[in-house]
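Data block below; observations after.
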Amino acid sequence: MVTSSARPLRIGVIGTHSTGKTTLLKRIEMELRGHGLTVARTGRLGKRAAAVGLPKMQHHTVQSTEWVIAQGILDEINAVAQGAEVVLIDRAAHDAIAYFEAAMAFRAETPPRIERERLLTLASTQLPKYDLLFATVLDESMPVETGHDYDAHFRRLVDDRVHRLLANDVIPHQRVTSDPDSQAHAVDVAVQRCLKEALV
């Protein structure tokens with residue numbers, strides 16, 4: 001087991017909406033708990049942003065994006081403070097950048113260069129802390145969450161921006177498709193990494 005003084009492992013996931021991010025983290029969490037590891041999980045940033053009156057989805061602004069990144073960082077700090085051996089991050093910091101860039105493209109607007117660079121710098125402070133980063137891939141043949149009427153064009157824009165950001169910044173990550181084997185492989189990679197670290 002990892003001792004309480006050890007740095008917890010952090011596993012993040014990013015991707016457009018309704019691509020299985022939360023489900024993937026729940027599966028990883030269940031497996032890890034089954035092996036006796038303590039787990040903390042962050043999430044619900046979009047809903048919380050809306051609850052405080054910030055725009056979301058295709059209406060994202062510099063301010064709402066900054067709030068999401070900063071709140072996500074605070075959530076990670078709080079999760080680490082709980083003493084968990086593994087922290088699962090639903091929507092790692094670059095996710096907010098992808099949504100912001102997609103919103104700008106959706107509205108045919110160009111973000112001020114200095115603001116985009118500032119947001120990227122803020123998000124990039126978290127990258128060295130992630131032991132694993134998963135990026136879900138949009139499969140439009142899969143149904144979206146019940147009760148949600150998502151704009152298909154915006155979902156595609158977010159998916160494009162997620163994978164473009166990861167490629168352009170050469171950010172180590174693993175793509176996760178809707179294929180059950182891809183999902184199972186991601187869970188196995190996460191669990192094996194955590195178990196290996198727990199034995200050190």
>> Can you tell me the length gained on complete extension of the stretch residue 61 to residue 117, counting 0.36 nm per residue apart and subtracting the Cα distance?
In response: 18.7 nm
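Considering Cα pairs under 8 angstrom that are at least six residues apart, work out the relative contact order of the chain and quote it in whole percent. Spell out each step's value before the answer.
Details: 290 pairs, mean separation 66.6, N = 200.
Relative contact order for the chain comes out at 33 percent.
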> Kirkwood Rh, Cα Rg: Rg to Rh for the chain?
Replying inline: 0.96
> At a 1.4 Å probe radius, carbon and sulfur cover how many percent of the accessible area of segment 9-198?
Replying inline: 53 percent
> Can you list residues whose amide H is under 5 Å from residue 91's amide H, if they're 5+ apart or on another chain and H is modeled 1.01 Å from N?
Replying inline: 13
> Put +1 on the Cβ of every Lys and Arg and -1 on every Asp and Glu Cβ in the chain; which of 36, 84, 20 then has its Cα farthest towards the positive end of the dipole?
Replying inline: 84
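What accessible area per residue, rounded to a whole number of Å², is obtained for segment 9-198 using a probe radius of 1.4 Å?
Numbers: 9040 Å² over 190 residues.
Accessible area per residue: 48 Å².
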>> Give the lysines reachable from residue 56 as a straight Cα distance under 19 Å; neighbours fewer than 8 places away on the same chain don't count.
In response: 21, 47
>> If each residue of separation counts as 0.36 nm, what is the full-extension length gain between residue 35 and residue 179 once their alpha-carbon separation is subtracted?
In response: 49.3 nm
> Between residue 176 and residues 5 or more places away or on another chain, which pairs have amide H atoms under 5 Å apart, with H built 1.01 Å from N, and which residues are they?
Replying inline: 135, 136, 137
> Excluding same-chain residues fewer than 8 positions from residue 196, which aspartates and glutamates have a Cα within less than 20 Å of its Cα?
Replying inline: 29, 31, 85, 131, 188
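For residue 26 and residue 52, what is the calculated FRET efficiency with R₀ set at 22 Å and r taken between the beta-carbons, to the nearest 0.05? All intermediate terms of the calculation are to be shown ahead of the outcome.
Values: r = 26 Å, r/R0 = 1.16.
The pair residue 26/residue 52 has a calculated efficiency of 0.30.
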> Sorted by average packing, counted as other Cβ atoms within 10 angstrom per residue and highest first, what order do 16-25, 56-65, 163-172, 88-97 take?
Replying inline: 88-97, 16-25, 56-65, 163-172
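The values are calculated or read from the model by the stated rules, or taken from the named source; none is laboratory data. Here the structure is a predicted model, which means the values were calculated and not measured. Backbone-built Cβ (ideal geometry, glycine too); neighbour counts: all protein chains shown. These area figures cover heavy atoms from the full protein model, side chains too; ligands, DNA and RNA do not enter into them. Shrake-Rupley method; radii C 1.70, N 1.55, O 1.52, S 1.80 Å.
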